[in-house]
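*Asks:* What follows is a single structure, and I will ask about it in a moment.
The values are calculated or read from the model by the stated rules, or taken from the named source; none is laboratory data. Just so it is clear, the structure is predicted and the values come from calculations on it, not from any experiment. Just so you know, the surface numbers come from the protein's heavy atoms only, side chains and all, with ligands and any DNA or RNA stripped out. Shrake-Rupley method; radii C 1.70, N 1.55, O 1.52, S 1.80 Å.
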Amino acid sequence: MAPTDRRRPYLRIAEDIRRDIASGRYAMGEQLPVARELSERYGVAMMTIGNALAVLREEGLIETRQGAGSFVIRTPEGEMPTPADEHSEEFRILSEQLREIRQHMEKLTVRLDELDARTRSEQ
C-alpha cells in the first residue's frame, strides 16, 4: 500500500486482499488469515480489519462463518485466476462453466431487482 494513498485504511486493505484473491494467492474455498493475523500484518486495529472484510463480503468475494473464519467464495469480476499448467482440462472446463453460471446468476439478480422495484411501486 502506497503511503500517498489517501483512501481509508480499510479500503486499502480490502483492495490488497481483493488483489490477492484475483491473483490466486487465496483460492476459491480457501480460508483467509484470521483477523488478528491481518491486524498484525497491516498494523491496524481489529475493527479496521472487520471493516475491510465487510467490504469484501458485500462484494460477494468472501463469506464469514461464525467461529470458523472468512473464506473465498468467488473472484473479483472478470479476474478469474488462470489455472496452473498442472490442472487438468476438466478443471479448465469446470472453471468456464462456473464463470457462465456466475454471469447467469448476475443477470437473474438484476431481473429480480427490477421485479422487486416494480412490485413495490405498484403497492
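*Asks:* Using every Cα-Cα pair within the chain, state what percent have a distance larger than 16 Å.
*Replies:* Across the chain, Cα pairs with separations above 16 Å total 69 percent.
*Asks:* Select from GLU59, GLU90, GLU77 the residue whose mean-square fluctuation is largest in a Gaussian network model of the chain (Cα-Cα springs shorter than 10 Å).
*Replies:* GLU90
*Asks:* Rolling a 1.4 Å sphere over the protein heavy atoms, what is the accessible area per residue of the range 1-62, to the nearest Å²?
*Replies:* Here the residues of the range 1-62 average 60 Å² of exposed surface.
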